[in-house]
Each structure stands twice: as C-alpha cells, then as structure tokens.
Amino acid sequence: MDKILVHGGNSLAGSIKISGSKNSALPILAATLLTREPCTIHRVPDLSDTHYMLQILTHLGAQVERASGIVTVTADKVQSVAPYEVVRKMRASVGVLGPLLGRCKEATVSLPGGCVIGDRPIDLHLRGFEALGAAVRVESGNVKVFVPKLVGAVINLRGKFGPTVLGTDNVMMAAVLAEGTTVIEGAAQEPEVCDLADFLNKMGAKIEGAGTRRIIIEGVSELHGAEHDIIPDRIEAGTFLVAGAIAGSGVTVNRVEPNHLTAITNALSGCGFKIEAKKQSITVSPNGAPKPLEITTEPYPGFPTDMQAQMCALLSTTDGISVITENIFPQRYMHVAELKRMGAQVQMEGATAVIQGVEHLTGAPVMASDLRASAALVLAGLKADGITEVSRVYHIDRGYEHLDEKLSELGAHIERVKA
Ligand code: EPZ
C-alpha cells in the first residue's frame, strides 16, 4: 500500500485543471445500461471508483472501451445480477439498481454495507422502487427487486437526514422507462443529479425540474445512445481551493463551474480569503490573518459534507474558535483523531466539532480512513512543521485523480512512496 509523504512549509501558487466529477460519472456510467445503443462519456476521471463501475458494467454484460477520459459503453445484452465480489468495493454500485430495474424489470445487487462515514442505508431507494410497483426483498446480503411493469407514481424521497443523492438518481433511472408520470418530491438538488438528468434527456428521456426539490419524469418506451461531457468535480475544486487557503499565495482552479461552489467560496470568504471567480475559474488568495468560522453541512446548495474534513484542516490552523456541525453524516469525523495527532485542538460534542486554532501543526504518521478525510490530512501536512506520512492512500485514489502530482505542480513538496 502506497504512502504519501508531505514535507510541510512550501507555499503553493499557480493553477490546476479540475477533472470530471466522480459523483456525476458514477450514476451516468450506470445509466448507460438503459439502452442497447452505444453511449460515449467524456471527461470520466481516472479513479479506482470509476474503474470499479466499469468492472460492474462489464460483469453485467456491457462492452466497455476506454481511451484516456473518454468511455464508450454498449449495453446490448444485460444480465441483472451484480454479486458481492464486485459491489463490495464501492457502495455507489447500488446505482445500478435503478437502470437494471428500468431495463430488465429485475435486479439483484449485493447490499453495499456501511463505511467509516456511517451506516449507508438504502431504504429511501427501495421506497422509491416500491412506489413504482416493484417488489423488494432483502435476503442473504442481497437486495432483489422485481416488477412486472413499472408504473409512474408520486414519491417523496426525503429522509431524516434530508434528500438522498444516489436515491434520487436511482429512482429517476427506473422511472424514465415507467408507464406514465413520476413525481419525485424532496429530490436531491446536487449538480451531479442535474448532470445525470441532462444525460438521460439526451438519451430520449423526458425529465423536468432536476436541480429543484421536485423532479417530474414522463415515462417513455425506450432510450437511445447519447454522448455527454461530465461536469467538473466541485469537491476536487473545493479541495484545491482549501489547499490554496492553507498554504497558498494564490491558487487558481481551472475548468470549474463557479456557481457549483458558492457555499465553499462563501465559507473561504468568511474566513477572510480573497476569492476571484471568472467564467470557468476561481482563484483563492491570502488577505490578512484568516478568521475562525461556524459551518453547518447541508444538502446542496448548502455547505457540502464532502468538504467538511478539508475545512477542519484549514480551521485547525486558523486563530480563534471555529465550530463545524455535520448534519448529513453525523459520524463523519475520522479525520479528527488524526489531525489531533498533528497537534490540532478539536473538542467533539456529538456531531459538532469545536476547533481551537493553533499556530502550527506538526508532521506525524497519520492514517487515511475515507476519501475526504484522507485529502484533509494531506492538506494539513502542507502547513505542518516537518513531514506528514499519510498511509492507506488508496482511499485518496478512489476519488482524486493524481492528487499528489497536482499538488506538486502547485509547488508542494510531496512524494508518493511504495510502503
Ligand atoms: C452521495 O452519497 C455522494 N456519493 C457522497 O459523496 C455524498 O457525501 C452524499 O451524496 C451526500 O452529499 C456519490 O454521489 C457517489 P445520500 P449518497 O443518499 O447518495 C441518508 C464522496 O466523498 N440516507 O445523499 O450515498 C444517508 O445515510 C461521497 O464523494 C438514508 O437514510 O448519500 C445520509 O445520512 C461520500 N436512506 C443522507 O441520507 C437512504 O436510502 C444523505 O445520503 C439513503 C440515504
């Protein structure tokens, strides 16, 4: 297992090109199962999670061709069973349930299981499938869905933690081939849901309202092939902006959609950093002493839970007392214990982290646990005294395309070593 060594103290400057969105690519790749015709997807990021999804599609019978960031999927013949050995690697694999139900009227997918950021239930997904007429059974670790005919329905997908992103995706992908109209109330509004809806409409679906709490889907009899460019990854972009805030003298992220990052740029402005947004780029620059902040994670367009760990790293070295409340995944604080090993002063109170900023963190051996927590530890190492050794970096490779190389391009002293 590789390790990343971060030699703290370098100042970051320059610009970096942001990759296509992981959380858009995964459901869009799953959606290619809905047609026999070839679909070509551009800007698919080179990540272990996208590789896992392509393995699953291949296992289900699709032909997959990949040339750098361009992926063509032809799901001419499809079988509807995704077994544990392929699904266990990535919980987003549940995203094939909806397209398999739409295409094959049945699906058997291993239950994803939990992960370090918390129990990852799919009850809302299953509620949506049942509303469309499906029978749902959970047995010996698999979820089985079957429906003689999908019939449109009015479905509320909001759970106690708010909307569900993949649940909205899944139900939308099942409903596009249902008979009649489906209304999803309490839908997730994330840009990645909109990107999926755009792709489905290019395939011949009739979806309106994506990006609002209410999505209306007019069922059609079949879908055809389509070509699509994945939107830029707003969380990767946010991660580099926080790197620029922690240790930068002016860092620009290129090929982004600034309006997808307003909650993140507002937070950085609230810390006192200078933010300059242009059509497809954002620059963060120091602007005096950073200020402490209070943040609460919320569904889009609120502050994203996927940026919570990165902000913890920044606020750990921001003078004063900051408070972060995690409303989406209340247990998503695996990074805190590791940051404390580097000298951060964080007091946990339930799902709230009270952070007393310190002058300096000190480099230390730390362990990555989940995708965003791992990135946060690398960011903290940028400014720490000495060397921070981040192990289990396979977590990072799941969701960041060459994070260490991109940080090196900005001037970080960072190396990846074989452990
Ligand atoms: C997506 O996960 C993202 N993953 C996550 O990003 C992101 O953190 C999350 O949305 C929230 O924005 C992908 O898109 C592949 P949810 P998803 O269903 O869809 C509860 C990353 O780092 N819930 O929106 O699985 C759930 O427990 C990853 O890139 C139910 O109760 O998340 C959570 O508390 C991590 N029942 C809340 O809803 C359900 O059936 C939001 O979860 C489904 C979810």
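A Cβ distance below 6 Å, combined with a sequence gap of six or more or placement on separate chains, defines the contacts here; from segment 286-302, residues that are assigned to a strand (DSSP E or B) and more than 16 Å from the ligand (Cβ to nearest atom) reach residues that are modelled with pLDDT of 95 or more and open to solvent by less than 60 Å² (accessible area, probe 1.4 Å) in the pairs GLU294/VAL323.
For segment 321-339, the candidate set comprises residues that are surrounded by fewer than 16 Cβ atoms within 10 Å (Cβ to Cβ) and away from the ligand (no atom under 16 Å from the Cβ); within that set, the residue that is farthest from LEU377 (Cα to Cα) is ILE321.
Can you tell me how many residues within segment 201-254 are open to solvent by 40 Å² or more (accessible area, probe 1.4 Å) and within 24 Å of ARG43 (Cβ to Cβ)? It would help to see each step written out before you state the result.
Just the residues of segment 201-254 that are open to solvent by 40 Å² or more (accessible area, probe 1.4 Å), to begin with: 201-202, 206, 208, 212-214, 216, 218, 221-222, 224, 227, 229, 249, 254.
Going one step further and asking which of them are within 24 Å of ARG43 (Cβ to Cβ), we end up with 201-202, 224, 227, 229, 254.
The total comes to 6.
Quick check on segment 318-359: of everything there that is hydroxyl-bearing (Ser, Thr, Tyr) and part of a loop (DSSP other than H, G, I, E, B), which residue is farthest from ALA289 (Cα to Cα)? Show your work before the answer.
Step one: filter segment 318-359 for residues hydroxyl-bearing (Ser, Thr, Tyr), giving 318, 322, 325, 333, 352.
In the following step, the residues that additionally are part of a loop (DSSP other than H, G, I, E, B) were identified as 318, 333.
Values: THR318: 8, TYR333: 26 Å.
Result: TYR333.
On the given criteria, is VAL44 within 16 Å of the ligand (Cβ to nearest atom), at pLDDT 95 or above and open to solvent by less than 10 Å² (accessible area, probe 1.4 Å)?
Numbers: within 16 Å of the ligand (Cβ to nearest atom): yes; at pLDDT 95 or above: yes; open to solvent by less than 10 Å² (accessible area, probe 1.4 Å): yes.
Yes: the conditions hold for VAL44.
Among the strands (runs of 3 or more DSSP E) confined to segment 128-187, the ones with at least 2 residues that are crowded, with 23+ Cβ neighbours inside 10 Å and assigned by TED's automatic domain parsing to the domain that holds ASP198 are located at 181-185. Scan segment 283-304 for residues that are open to solvent by less than 20 Å² (accessible area, probe 1.4 Å) and within 20 Å of the chain's Cα centre (by Cα) and the total you get is 5.
Of all residues in segment 148-186, those that are charged (D, E, K, R) and either in contact with a Cys (Cβ under 7 Å, 6 or more places away or on another chain) or within 8 Å of the ligand (Cβ to nearest atom) (or both) total 2.
Restricted to segment 11-41, and to residues there that are of a type in the set (Ser, Thr, Tyr) and within 11 Å of the ligand (Cβ to nearest atom), the residue that is surrounded by the fewest Cβ atoms within 10 Å (Cβ to Cβ) is SER21. I need the full set of residues from segment 395-419 which are under 17 Å from the mean Cα position of the chain (by Cα) and closer than 20 Å to LEU339 by Cβ, in order please. The answer is HIS395, ILE396, GLY399, TYR400, LEU403. Of all residue pairs spaced 6 or more apart or on separate chains, those with beta-carbon atoms under 6 Å, a first member in segment 344-370 that is in contact (Cβ under 8 Å) with a residue 24 or more places away in the chain and a second member that is acidic (Asp, Glu) are ALA351/GLU326; GLY357/ASP319; HIS360/ASP385; THR362/ASP385; PRO365/GLU389; VAL366/GLU338.
The values are calculated or read from the model by the stated rules, or taken from the named source; none is laboratory data. Nothing here was measured: the structure is a model prediction, and the numbers come from that model. Note: ideal-geometry Cβ built from the backbone for every residue, glycine included; neighbour counts use all protein chains shown. We work out accessible area using only protein heavy atoms, side chains counted, and drop any ligands, DNA or RNA first. Shrake-Rupley method; radii C 1.70, N 1.55, O 1.52, S 1.80 Å.
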